[in-house]
Amino acid sequence: MMNYMNTISSVHLDILKEIGNIGAGHAATALSTLLDKKIDMTVPDVKIVTFDEMMDMAGGPENIVAGVFLRIEGEAPGSMFFLLPIEQATAFIQDMLDDQHFDLQEWQTNELALSALQELGNILSGSYLSSLSDFTKLSLYPSVPALSIDMVGAIVSFGLVELSQVSDYAIVIDTAFNEEQKMEKQEVRGHFFLLPDPDSFSIIFQALGVSDHD
Amino acid sequence: MTSTLEVIKVGIADMNTVKAPQIIRTSGLGSCVGVIIYDEIKKIAGLAHVMLPESSLAREQKINKAKYADTAIIELLALLLKMGACKTNLRAKLAGGAQMFKFSGGSDLMRIGPRNVEAVKKELIRLNIRIISEDTGGSSGRTIEFNPETSLLNIRTVNQGTKDI
């Protein structure tokens, strides 16, 4: 197959940015409604990065995060991650469970907290994907999201398995978000990573009326 | 008295070698496998951060040898021999190959961790390199650090603490 990285133009990058904008915009609204809080979102960043650089985008391979992973199935398969810094995940769970004493040390044993976080991932990824599906008119549906609280490297590398058979680079559509007021602190930002499978790029571009070689 | 050890870091789908007193580390292993081949007498070690079991999976023209078990281990062996390691002294330790997420269905993609471990072991056996110890499987991410001075592999996890193997 052709090296798909070489066929990506600035027009394509703009389209991917728009996809991130629409998807994460809807997800942020869903999050805001769920928590009854104002959520800020950054302008999406579309980057062609090495795998190591991708880990660095989420705070480095050893940074501990709550990660929700799902596979996108349908006409344009891919992977999606929703990564939350532990502090932010704790705050969200406290809000969802209405328990301000909830402590992140209880992660593994607290079934309720885990299912709350899983549900959060469900809602966010669902709204991201359905807006994406509306925009592209492609049929896309999420696998059941899976949750892991662990190192960024261990979580994110799993979503790179498909991609890594084709390339040592990833095209990442990254949207950072945060509760309002905490914006200045880079490290407490959450991230949406959308990683279309290599063959999905041309499907997405064609669905939006842009040929592969524009 | 404390001395600062020089730590060589290995990224994902990458490999490198060290000589004591240097130590070598790779961070955030999930389904990937960190394989260390070392010469206890010459105190030389190499580490590869393997992502995929076989290079036959590759759909790229130019293969990154460190990425696949079958190409990484033989390449690492060549690098170590070039540094002066003695083939008969070589031993191996490995860690990683976790299943970070549980899905119903369990396609081949989801089993990538165990498949990586199997492929690494198969290759080590084929090359007659004895496996001294391993910490593989489970569902935890690992950061590993090998010290060629002591031949100890330190493994750090988020949920399961730290140990030396």
Return the pair list, or none, for Cβ contacts closer than 8 Å from residues in region A:52-69 that are on the phi > 0 side of the Ramachandran plot and more than 10 Å from chain B (Cβ to nearest Cβ) to residues that are β-branched (Val, Ile, Thr) and open to solvent by less than 10 Å² (accessible area, probe 1.4 Å), at least 6 apart or on different chains.
A:Gly59/A:Val65; A:Gly59/A:Val152
Which numbered condition in (1) under 17 Å from B:Ala85 (Cβ atoms); (2) crowded, with 18+ Cβ neighbours inside 10 Å; (3) not aromatic (Phe, Trp, Tyr) is the only one that B:Lys42 fails?
(2)
Strands (runs of 3 or more DSSP E) wholly inside region A:1-90 that include at least 3 residues being buried (at least 19 other Cβ atoms within 10 Å of the Cβ) and out of contact with any helix residue (DSSP H, G or I) (no Cβ under 8 Å at 6 or more places or on another chain)
none
Report yes if some residue within region B:3-24 is open to solvent by less than 10 Å² (accessible area, probe 1.4 Å), under 12 Å from the mean Cα position of the chain (by Cα) and away from chain A (no Cβ under 14 Å); otherwise report no.
yes
Does B:Ile165 satisfy the condition of being within 16 Å of the chain's Cα centre (by Cα), more than 17 Å from B:Gly30 (Cα to Cα), more than 10 Å from chain A (Cβ to nearest Cβ) and modelled with pLDDT of 95 or more?
no
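Among the listed residues A:Asp99, A:Asp174, which satisfies the condition of being closer than 23 Å to A:Ser32 by Cβ, away from chain B (no Cβ under 14 Å), buried (at least 17 other Cβ atoms within 10 Å of the Cβ) and of a type outside the set (A, V, I, L, M, F, W, C)? Steps first, answer last, please.
Values: A:Asp99 fails: buried (at least 17 other Cβ atoms within 10 Å of the Cβ).
The unique qualifying residue is A:Asp174.
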Would region B:71-80 turn up any residue that is part of a helix (DSSP H, G or I), of a type in the set (S, T, N, Q) and surrounded by fewer than 16 Cβ atoms within 10 Å (Cβ to Cβ)?
no
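With the structure loaded, tell me whether A:Leu132 is crowded, with 20+ Cβ neighbours inside 10 Å, at pLDDT 80 or above and either in contact with a Ser or Thr (Cβ under 9 Å, 6 or more places away or on another chain) or not β-branched (Val, Ile, Thr) (or both) or whether it fails that test.
Working: crowded, with 20+ Cβ neighbours inside 10 Å: yes; at pLDDT 80 or above: yes; either in contact with a Ser or Thr (Cβ under 9 Å, 6 or more places away or on another chain) or not β-branched (Val, Ile, Thr) (or both): yes.
Here the answer is yes, as A:Leu132 does meet what is asked.
Here are some residues: B:Gly141, B:Gly161, B:Gly113, B:Gly96. Which one is more than 30 Å from B:Pro21 (Cα to Cα) and among the small types (Gly, Ala, Ser)?
Result of the check over B:Gly141, B:Gly161, B:Gly113, B:Gly96: B:Gly113.
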Among the residues listed as A:Gln181, A:Gln108, A:Gln165, the single one being more than 15 Å from the chain's Cα centre (by Cα) and at pLDDT 85 or above:
A:Gln165
Just to be sure I understand, how many residues within region A:110-167 are away from chain B (no Cβ under 14 Å) and of a type in the set (Asp, Glu)?
3
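The values are calculated or read from the model by the stated rules, or taken from the named source; none is laboratory data. These figures come from a predicted structure and were not determined experimentally. Reconstructed Cβ throughout: ideal geometry from the backbone, glycine too, with neighbour counts over all protein chains shown. Side chains included, ligands, DNA and RNA excluded: accessible areas come from the protein's heavy atoms. Shrake-Rupley method; radii C 1.70, N 1.55, O 1.52, S 1.80 Å.
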